[in-house]
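Quick notes on the structure that follows.
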Amino acid sequence: MACRGGGGPGQFPSAVLSRVSPGSLSTYRTHTHNICMVSDFFYPNMGGVESHIYQLSQCLIERGHKVIIVTHAYGNRKGIRYLTNGLKVYYLPLKVMYNQSTATTLFHSLPLLRYIFVRERVTIIHSHSSFSAMAHDALFHAKTMGLQTVFTDHSLFGFADVSSVLTNKLLTVSLCDTNHIICVSYTSKENTVLRAALNPGIVSVIPNAVDPTDFTPDPFRRHDSIITVVVVSRLVYRKGTDLLSGIIPELCQKYPDLNFIIGGEGPKRIILEEVRERYQLHDRVRLLGALEHKDVRNVLVQGHIFLNTSLTEAFCMAIVEAASCGLQVVSTRVGGIPEVLPENLIILCEPSVKSLCEGLEKAISQLKSGALPAPEDIHNIVKTFYTWRNVAERTEKVYDRVAGEAVLPMDRRLDRLISHCGPVTGYIFALLAVVNFLFLVFLRWVTPDSVIDIAIDATGPDGAWTPRYPPSKKEGKNNAMSKTR
Amino acid sequence: MGTQPVADTEEAKWQKVLYERQPFPDNYVDRRFLEELRKNIHARKYQYWAVVFESSVVIQQLCSVCVFVVIWWYMDEGLLAPQWLFGTGLASSLIGYVLFDLIDGGEGRKKSGRTRWADLKSALVFITFTYGFSPVLKTLTESVSTDTIYAMSVFMLLGHLIFFDYGANAAIVSSTLSLNMAIFASVCLASRLPRSLHAFIMVTFAIQIFALWPMLQKKLKACTPRSYVGVTLLFAFSALGGLLSISAVGAVLFALLLVSISCLCPFYLTRLQLFKENIHGPWDEAEIKEDLSRFLS
């Protein structure tokens, strides 16, 4: 189970342990961190990065750390909000430019971010997603202010076209003095190391996770007289919707008992509708449109086979969610997908209609012959693979490691920028770093750090929301713990 | 997982999988790291002389523009009688027309299914209309100052060179736009000529050199590369000669331009090829190689 909701005291032993007096069980945790997650992408926006940040934060809070999230304002949602367990979210009034990413001038966000970092006594900045301008801004400012930085990359990029050459250069600059980088799969690590010219030793691989309690099988929801293939993805080119439009007629003609359920919305929906129209498949291909995250499970459990046609994918949560619901997964062999599930749970195909049809036919014949394991069995295997607790534990190790490192002083940082990012870009960004530093000095002169109010912690060791137990109960618990040890 | 490498499982082999907890730290770098990296798998190796041969398309187009301007200058100065130009143009068009069918043995014509009668009709329609409208063309831009006309012509001819279809598959290529710009330039320049007959012949000549001549060149290049090289050389020298008769400095500069495009640029390109480092790997976005339109047709 993931770290949402209160949960009984027995359900989070680590959090209980971290709260006891330092003397008794101090070996468990040396110290806690004040972590600030920064990304343009957060709730109410929905997606992989958003839920990653939320779930990771919840688990880190459970482990006794102080966590705050900084994102930009979403419409009416601005200012400070508190989520479950006192997770504090700053919605900053920054202009959104494109695809929910803020515009960046590299400087304009410094006053606000500095204020937050100071009043929250942040020690580690953890930025998410290379598409987020705010995340890169925060990294830049954090280094100017001498804070430790961690960056999580959630996506893959190519190297071939002009736009990726430019974004890769910017990533090189942004990550050139970041303490540690986290990638979600080994393929993603290779990609990031190449894109940003990094030392692979400072890149950790920590996969995404899914909440297995949210994705449980329900074999009674599906009709076993027919075979149902489920597809849940945004209907865009990168998700391979074009391939899907070739697979549907091909297989529907071959298997009269085959149905498709397609969840998701996007610009490529029109071609699926055209295919459905042309081959008269209205009763066999259901297009559900956009799904809310909570409805995904109810769609998944209606199917026998899950089909993923993505053309590029760093991790692919969708196939883990589907496998957790007990479906046989058929997927393209792209990006990090081969690393995600063991061979007996996934059928990997080349990204072509022919290969995917063969994969689906293999799954269908296995299903008909009864060779597939029961959904409950698949669920029980998959639920041990990826848990947010595990992710948080491994991320914590990264934080512990980073906290012991020294932040480069200004002169070394400039040297590193110049030597690492190439002569032209290096000098430009070194200049910008100097300007940023002067701006910071100016801000410190206008409002010294000592003048800034220190915020009351919502989470962390002395958090206002951290549940406290009456001394007698705590002691009793302590004794019980020491006995069990 | 776990940050401390475990010593007693030395035989434990690292696997590139995420679902298993492995006795390696998260930032472990295996020997297999980046083993799937491939370089320059789609890169083409260019041969110097092949590139020189391909550059002749650009040479041809530059020369076309040069010849056009030289002819206009001669007309403007009154050194070239319009009847003479019309006669030569008509004769060479006819030769070109016959050649066009001869080169590929009439295959292109069979494929397009276009009859000679249709060709004749469109030629007649075009000539009649241009002739009929030539007084209008002549006076169309009369009120515009000559400097503006020259500037516009220069920009239009440059645009013609930029957007011309040299065979590259790029977004900037637009043969329609390119041809339109050239014709626009010819209309501009024609209006500075003494009489409407001059204007008519100038525009006809522009059509011949900017629309018909590249079509013949393309066919020549595809079917008889040897004679194409000869034609290109001949054309280039005649353009140079024409320019030389007007301005020696211009001719020298133009010759330098031609040499650098046909010899230096290919040399530079083949040299730069050595530095090409195109990285491919499992992170690349997969390409859909099949034709999926058949499902919708």
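Residue-by-condition table, conditions (1) charged (D, E, K, R); (2) modelled with pLDDT under 90:
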position	(1), (2)
B:M1	no, yes
B:E11	yes, yes
B:Q15	no, yes
B:D30	yes, yes
B:L37	no, yes
B:I41	no, yes
B:K45	yes, yes
B:W49	no, no
Q. Any chance the range A:366-386 includes a residue that's assigned to a helix (DSSP H, G or I), modelled with pLDDT of 90 or more and facing another protein chain (nearest Cβ under 10 Å)?
A. yes
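Could you check, for the range A:270-277, whether at least one of its residues is more than 14 Å from chain B (Cβ to nearest Cβ) and either surrounded by 17 or more Cβ atoms within 10 Å (Cβ to Cβ) or modelled with pLDDT of 90 or more (or both)? Before you say what the answer is, go through the steps one by one.
Here is the first cut: in the range A:270-277, the ones more than 14 Å from chain B (Cβ to nearest Cβ) are none.
The answer is no; no qualifying residue exists.
Please verify whether the range A:214-228 includes one or more residues that are touching a Pro at 6+ places or on another chain (Cβ under 7 Å) and more than 13 Å from chain B (Cβ to nearest Cβ). Break it down into steps so the answer makes sense when it comes.
From the range A:214-228, those touching a Pro at 6+ places or on another chain (Cβ under 7 Å) are A:217, A:219; that's our starting set.
Next cut, more than 13 Å from chain B (Cβ to nearest Cβ) only: A:217, A:219.
Yes: the range A:214-228 contains one or more residues that are touching a Pro at 6+ places or on another chain (Cβ under 7 Å) and more than 13 Å from chain B (Cβ to nearest Cβ).
For the range B:215-280, list the helices (runs of 4 or more DSSP H) that sit wholly inside it and hold at least 1 residues that are away from chain A (no Cβ under 14 Å), touching a Lys or Arg at 6+ places or on another chain (Cβ under 8 Å) and touching a residue at least 40 places away in the same chain (Cβ under 8 Å); which are they?
Of the helices (runs of 4 or more DSSP H) lying wholly inside the range B:215-280, those with at least 1 residues that are away from chain A (no Cβ under 14 Å), touching a Lys or Arg at 6+ places or on another chain (Cβ under 8 Å) and touching a residue at least 40 places away in the same chain (Cβ under 8 Å) span B:225-246, B:265-273.
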Q: With the checklist (1) in contact (Cβ under 8 Å) with a residue 40 or more places away in the chain; (2) part of a helix (DSSP H, G or I); (3) loosely packed, with under 13 Cβ neighbours inside 10 Å in hand, flag the one item B:I201 doesn't pass.
A: (3)
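Pick from A:V210, A:V299, A:V231: which is buried (at least 22 other Cβ atoms within 10 Å of the Cβ) and within 19 Å of A:H379 (Cβ to Cβ)?
On the way: A:V299 fails: buried (at least 22 other Cβ atoms within 10 Å of the Cβ); A:V231 fails: within 19 Å of A:H379 (Cβ to Cβ).
Being buried (at least 22 other Cβ atoms within 10 Å of the Cβ) and within 19 Å of A:H379 (Cβ to Cβ) holds for just one of A:V210, A:V299, A:V231, which is A:V210.
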Q: Filter the range A:395-410 for residues that are part of a helix (DSSP H, G or I) and more than 10 Å from chain B (Cβ to nearest Cβ) and give the result.
A: A:E396, A:Y399, A:V402, A:A403, A:M410
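Report whether or not A:V334 is in a loop (DSSP other than H, G, I, E, B), among the β-branched types (V, I, T) and within 9 Å of chain B (Cβ to nearest Cβ).
Values: in a loop (DSSP other than H, G, I, E, B): yes; among the β-branched types (V, I, T): yes; within 9 Å of chain B (Cβ to nearest Cβ): yes.
When the stated conditions are applied, A:V334 passes them.
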Q: Give the residue that is surrounded by the fewest Cβ atoms within 10 Å (Cβ to Cβ), with candidates limited to residues of the range B:151-198 that are among the hydroxyl-bearing types (S, T, Y) and outside any helix (DSSP H, G or I).
A: B:S174
Q | Which numbered condition A:A392 misses (of (1) more than 9 Å from every other protein chain (Cβ to nearest Cβ); (2) free of Cβ contacts under 8 Å to residues at least 60 places away in the same chain; (3) crowded, with 19+ Cβ neighbours inside 10 Å) | A | (2)
**Q.** Within the range B:12-51, considering residues that are in contact with a Pro (Cβ under 9 Å, 6 or more places away or on another chain) and not in a loop (DSSP other than H, G, I, E, B), the one nearest to the other protein chains (Cβ to nearest Cβ)
**A.** B:V51
Q: Could you list all residues from the range B:82-118 that are surrounded by 14 or more Cβ atoms within 10 Å (Cβ to Cβ) and part of a loop (DSSP other than H, G, I, E, B)?
A: B:D104
Q) Can you name the residue in the range A:351-387 that is within 18 Å of A:P217 (Cα to Cα) and among the hydroxyl-bearing types (S, T, Y) and is also surrounded by the most Cβ atoms within 10 Å (Cβ to Cβ) among such residues? A) A:Y386
Q: Within the range A:83-97, identify whether any single residue is assigned by TED's automatic domain parsing to the domain that holds A:I456, over 18 Å from the mean Cα position of the chain (by Cα), charged (D, E, K, R) and under 26 Å from A:F442 (Cβ atoms), and answer yes or no.
A: yes
Q) In the range A:141-167, which residue that is among the polar types (S, T, N, Q) and in a strand (DSSP E or B) is farthest from A:L440 (Cα to Cα)? A) A:T152
Q | Flag if A:G64 is at positive phi, at pLDDT below 55 and either within 21 Å of the chain's Cα centre (by Cα) or surrounded by 13 or more Cβ atoms within 10 Å (Cβ to Cβ) (or both) | A | no
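Give the number of residues within the range A:301-331 that are in a strand (DSSP E or B) and either within 21 Å of the chain's Cα centre (by Cα) or within 14 Å of another protein chain (Cβ to nearest Cβ) (or both). Spell out the reasoning first.
In the first step, residues of the range A:301-331 are kept if they are in a strand (DSSP E or B); the result is A:305-308, A:328-331.
Applying the additional criterion that residues be either within 21 Å of the chain's Cα centre (by Cα) or within 14 Å of another protein chain (Cβ to nearest Cβ) (or both) yields A:308, A:329, A:331.
Final tally of qualifying residues: 3.
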Q. Looking at (1) assigned to a strand (DSSP E or B); (2) at the interface with chain B (Cβ under 8 Å from one of its Cβ atoms), which is the one condition that is false for A:L287?
A. (2)
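Got a number for residues in the range A:183-204 being of a type in the set (G, A, S), crowded, with 23+ Cβ neighbours inside 10 Å, at the interface with another protein chain (Cβ under 8 Å from one of its Cβ atoms) and assigned to a helix (DSSP H, G or I)?
First, pick out the residues of the range A:183-204 that are of a type in the set (G, A, S): A:185, A:188, A:196-197, A:201, A:204.
Imposing the further condition that a residue be crowded, with 23+ Cβ neighbours inside 10 Å reduces the set to A:185, A:188, A:196, A:204.
If we keep only those that are at the interface with another protein chain (Cβ under 8 Å from one of its Cβ atoms) too, we end up with A:185, A:188, A:204.
Now drop any that are not assigned to a helix (DSSP H, G or I), which leaves A:188.
Here the count works out to 1.
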Q.
Filter the range A:233-269 down to the residues that are of a type in the set (A, V, I, L, M) and either in contact with a Ser or Thr (Cβ under 6 Å, 6 or more places away or on another chain) or away from every other protein chain (no Cβ under 11 Å) (or both) and list them by number.
A. A:L235, A:V236, A:L243, A:L244, A:L251, A:L258, A:I261, A:I262
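Which one of A:P249, A:P256, A:P217 is surrounded by 15 or more Cβ atoms within 10 Å (Cβ to Cβ) and either part of a loop (DSSP other than H, G, I, E, B) or free of Cβ contacts under 8 Å to residues at least 12 places away in the same chain (or both)? Before the answer, list the steps.
On the way: A:P249 fails: either part of a loop (DSSP other than H, G, I, E, B) or free of Cβ contacts under 8 Å to residues at least 12 places away in the same chain (or both); A:P256 fails: surrounded by 15 or more Cβ atoms within 10 Å (Cβ to Cβ).
That would be A:P217, the only listed residue that is surrounded by 15 or more Cβ atoms within 10 Å (Cβ to Cβ) and either part of a loop (DSSP other than H, G, I, E, B) or free of Cβ contacts under 8 Å to residues at least 12 places away in the same chain (or both).
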Q | Count - residues of the range B:239-297 that are in contact with an Asp or Glu (Cβ under 7 Å, 6 or more places away or on another chain) and surrounded by fewer than 13 Cβ atoms within 10 Å (Cβ to Cβ) | A | 0
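The values are calculated or read from the model by the stated rules, or taken from the named source; none is laboratory data. Model, not experiment: these values are computed from the prediction. Cβ sites come from the backbone with ideal geometry, for glycine too, and all protein chains shown count toward neighbours.
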